[in-house]
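The values are calculated or read from the model by the stated rules, or taken from the named source; none is laboratory data. What you see is a predicted model, and the numbers here were worked out from it, not measured in a lab. Using ideal geometry, Cβ is built from the backbone for each residue, glycine included, and neighbour counts are taken over all protein chains shown. Keep in mind that these areas ignore ligands, DNA and RNA; they rest on the heavy atoms of the full protein, side chains included. Shrake-Rupley method; radii C 1.70, N 1.55, O 1.52, S 1.80 Å.
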Amino acid sequence: MMEICYLLAFPDSEPIPHRPAEQIKGLKDAPYFQPIDIDLVTLGDETIVIEGYAVSVVRQRYDDRVQMVECHFDLSDPFAASVLHDRTKIQSALQSRYIPEAFRTNGMFEEYTILLVKEVSSTPDKWITKNDLAIANFIRSQREVFDKEEVNEILGSRARYSANELTLVDWEGAVIVAPNADYQSDIALLKIGNYQLLRYRMLDQSIEEMLDKINERFFQRRRPRATRGLIHQIAEHRLEVMIDFERAEQNLLLIGDWYTAKLYEAIQNEFYLKDWKESVRAKLDNLENIVETIQENFSLSWETLMDRLQLLGWVLLLVGYIYLYLLDAGWVKLP
């Protein structure tokens, strides 16, 4: 019997009663990750039955932006082809129950499957080698047969805490081998990784929506008519995105001991978090240049309006002076 941990993460900003922020529990040698600048609030826990399996569920919210759902259930043989069908149905039911339909439709959520293994007949590395194809199929949730190179790629990223404890990390899933069932510290790190990935995806989507709005308002119309309110709104939104990006980038500057740092480095690499960060940063830089161009070329500030009115006043004064001069010289006669 092995345990499955299924993680779901999706945007969440629904108001909740005020609750004190919690510390993220984690380290194998210490009770908490320190320091991590993530506000964590537990929303509730329950046990539900899906397809005859008891599923324990804990819901948490990270930074008032993302809801993380952690689901646990047992499978007698997670590598069996028949069990894959049950697992797929359980996970689909969990998505339908907890993820809002809008996010299921547009794909703005993350799912991640972790196999929790308490006992193996040999060392963790030998056990993985012996079951390499089955583990690769489990992680990728596929029935197809992988070749040796693909299997090695899927099973290549590993972090070892001791001779009997190992965590294998892939883009779509992970395997944690821990004789004392000490899974939670590694699960907490994988949850943070999924949270970071979703945050970058949310930022990327927000920037794309803003660029589409700018393109529609200023560059698709024949005669763009910018207003101070619209330009201010765009600049304000850009500032919010920049602040959000900086917080997402800096809330994991220091993280745990040597093992925790090593495991999180593997998670960053497998989730392509650094690539996501650089992509979002590049889009933010482009957005900043675009907004500055709009402000320089389309905005009509109060100072600019006053300058134009002042110039118009001088022109009228000059015309009046010339008229009076011509009138005094007799070149122009009053009717």
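With a simple spin-label model that places each label point 7 Å from the Cα along the Cα-to-Cβ direction, the separation between Asp182 and Ala134 comes to 2.7 nm.
Using θ = phi - 60° in the Karplus curve 6.51 cos²θ - 1.76 cosθ + 1.60, the 3J(HN,Hα) couplings for the stretch 88-104 round to 4, 5, 5, 5, 5, 5, 5, 4, 5, 6, 10, 8, x, 4, 4, 6, 5 Hz; x is entered for Gly and Pro.
For trypsin sites (Lys or Arg not before Pro), no site in the stretch 145-190 is both called loop by DSSP and has at most 10 other Cβ atoms within 10 Å. Report note on the peptides 277-284, 82-89, 197-204, 59-66: ranked by the mean count of other C-beta atoms within 10 Å, highest first, their order is 197-204, 59-66, 277-284, 82-89. A 1.4 Å probe, protein heavy atoms only, puts the accessible area of Glu270 near 40 Å². Accessible-area rank, largest first, for Tyr259, Tyr321: Tyr321, Tyr259, with all protein chains present and a 1.4 angstrom probe.
Would you please put 119-126, 188-195 in order of how densely packed they are, using the mean number of other Cβ atoms within 10 angstrom per residue and starting with the highest?
Numbers: 119-126: 13.6, 188-195: 24.1.
Descending mean neighbour count gives 188-195, 119-126.
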